[in-house]
Amino acid sequence: MENREDLNSILEFLPVVSRSSALFWPSKVVEALKALSKGPEHSNVDSGDVLFLAISDLRQSLTLSADALAFSTADGFSLYFDDLMSRAEANKWFGDILPALADSLLRLPLMLEAHYKSADSISCVGGRDGLKTGLRLLKSQEAGVVLLSQELIGALLACSFFCLFPDNTRDANHLQVINFDHLFASLYDNYNEKQENKIKCIIHYFERICSSIPVGNVSFERKVLAVDQTLNYLPHPKAESWSKSVVSLCLFEVCSSGLIEDYSKEALEADFANKYFGGGALTRGCVQEEIRFMINPELIAGMLFLPCMADNEAIEVVGAERFSQYTGYASSFRFCGDFVDKKDTDIMGRRKTRIIAIDALVNPGKRQYRHEFLLREVNKAFCGFSDPCKSHRYQMLFKDDHFSEAELDQGLKSLESNSSNFSMKLLFIEQGIHQSASFEDEVGIATGNWGCGAFGGDPELKAMIQWLAASQALRPFMVYYTFGLEALQTLDKVTKWITSHRWSVGDLWNMMVEYSSQRSKNETYVGFFKWLLPLLSSDDPMILDP
């Protein structure tokens, strides 16, 4: 174990000790966890106050300073478990759930050792050979995958609950907070119901996994756009590549109601992310990303080893199980009970839930219309929406020697009479005739107002940017949830008109560049849709009747 590069990269961020060929807990930690695992009659831990004292003792045994925790952590634990939780719920928590979590922690060293042994035997992830999957620090600009069992994730999140992760070097490595001290301290410092209900989601998750240990896997992948192509990296498109693209725009479906996570078919589900994966999930945040982390708590594990994203990066998580129902958003967020995730699993034991974290420009104002920032946003979305298995295809699509539309049409006609010419057929398909392509899968995109709302982006522009990225990534469709946003009332009308006129990615990109140039020069003040529609024939039926 001591010579493992993957383990060595993450060891300083783990609470366990490594010596020779083994991982273990210090003896005092083992004693304390054994007492906790036998229930309150042995540990005397039967209240929030006493629980925090037990946590402090565990941290001291690991030589972690009590001063490192958020100031009001003790008060937060006391408030939640002694005042906000009913007596019946508290009895179940301290009598059944807490002992099971302690038992899980006792088994953590063995779980980690088993994880690294199994990682050596996994050679293929998502159709890609030769990938390393062991738990490690997935640094910025290093494309790679970490594959964790749900059982191991449960033990790691138990460490977060007991605040056992060392955090003295996390800031220097651009890592988020991972312990739950701020989550509980925020509850006390500025009580509100949404914070209480965030904690309810986490507590419910622990109740579920302690009653029935999940048996699946979850993968976390850092995706990177790179100019020089190597294994696992995606091409980094230039502005000229977008301008010349002849890829057809994919199908676009507008949903004025509903939620991304409730989409029934298999799709990449957008996480409107902070560049720090998880955003304010473990502090006071409670918008789209943070809510997703509460109802799918296994996402939190990624915060342990995924430093912040650069402009050319995205994070994809496959297999995170959903455990909670909820209503509301931000201050109105409420936990509404259990959710049974019925998603199918793939051959690797991952649920077919694909969550893609892409961070948009924050409060971009007028600079979002500048060419370099348009390019930043479309490349960010393309990175998230792309499939690394198709990296070689994307390389072809971004070559400078594209066929013209007429040449593509003529080529496809000739191929119909010569179906044996497979290499030519593949080339034409990959050049972007979506209507003619035979897709290997039907995994599209489920998204919405990315980079808008709290991030302050232009919703019309962001919708078009995501459409471009999904199409260039060869996704068969994009389902767009407007969440009733008034600025997108005409989205369905505009996308239907564009589709009816068979615009390519390059056509839409060039139109957006022209609009943004005018907007940045104060030559127009209207939104993209209003700017676009006057350029169209007034008697066009797609304008008069969507």
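The values are calculated or read from the model by the stated rules, or taken from the named source; none is laboratory data. In this text the structure is predicted, and so the values were computed from the model without any measurement. Cβ sites come from the backbone with ideal geometry, for glycine too, and all protein chains shown count toward neighbours. To get the accessible areas, we keep the full protein, side chains included, count just its heavy atoms, and leave off ligands, DNA and RNA. Shrake-Rupley method; radii C 1.70, N 1.55, O 1.52, S 1.80 Å.
Table for the structure above
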quantity: Dimensionless Rg over Rh [region 240-336; C-alpha; Kirkwood]; calculated: 1.02
quantity: At 1.306 mPa s and 10 °C, Stokes D of region 10-144 from Kirkwood alpha-carbon radius, µm² per second; calculated: 91 µm²/s
quantity: Residues whose placed amide H lies under 5 Å from that of VAL254, excluding near-sequence neighbours; calculated: TYR480
quantity: Carbon and sulfur %, accessible surface of region 197-340 computed with the full protein complex present, 1.4 Å; calculated: 53 percent
quantity: In Å², nearest 10: area of HIS392 left accessible to a 1.4 Å probe; calculated: 110 Å²
quantity: P(r) of region 223-288 over all Cα-Cα pairs, binned every 10 Å from zero, in whole percent; calculated: 14, 25, 38, 22, 2
quantity: Furthest towards positive pole of dipole, PRO364, GLY76, LEU108, structure part the chain, Cβ charges; calculated: PRO364
quantity: When each of LYS139/LYS194; LYS28/LYS117; LYS238/LYS493; LYS223/LYS352; LYS265/LYS530; LYS92/LYS198 is checked by Cα-Cα distance, pairs over 22 Å; calculated: LYS139/LYS194; LYS28/LYS117; LYS238/LYS493; LYS265/LYS530
quantity: Per-residue HN-Hα couplings for region 74-90 [Karplus 6.51, -1.76, 1.60; θ = phi - 60°; Hz; x = Gly/Pro]; calculated: 4, 5, x, 4, 5, 4, 6, 7, 9, 10, 8, 8, 5, 4, 5, 5, 5
quantity: Nearest-20 debye value, the chain charge dipole, Cβ charges on Lys, Arg, Asp, Glu; calculated: 400 debye
quantity: Share of alpha-carbon pairs per 10 Å distance bin for region 451-490, given as whole %; calculated: 26, 53, 21
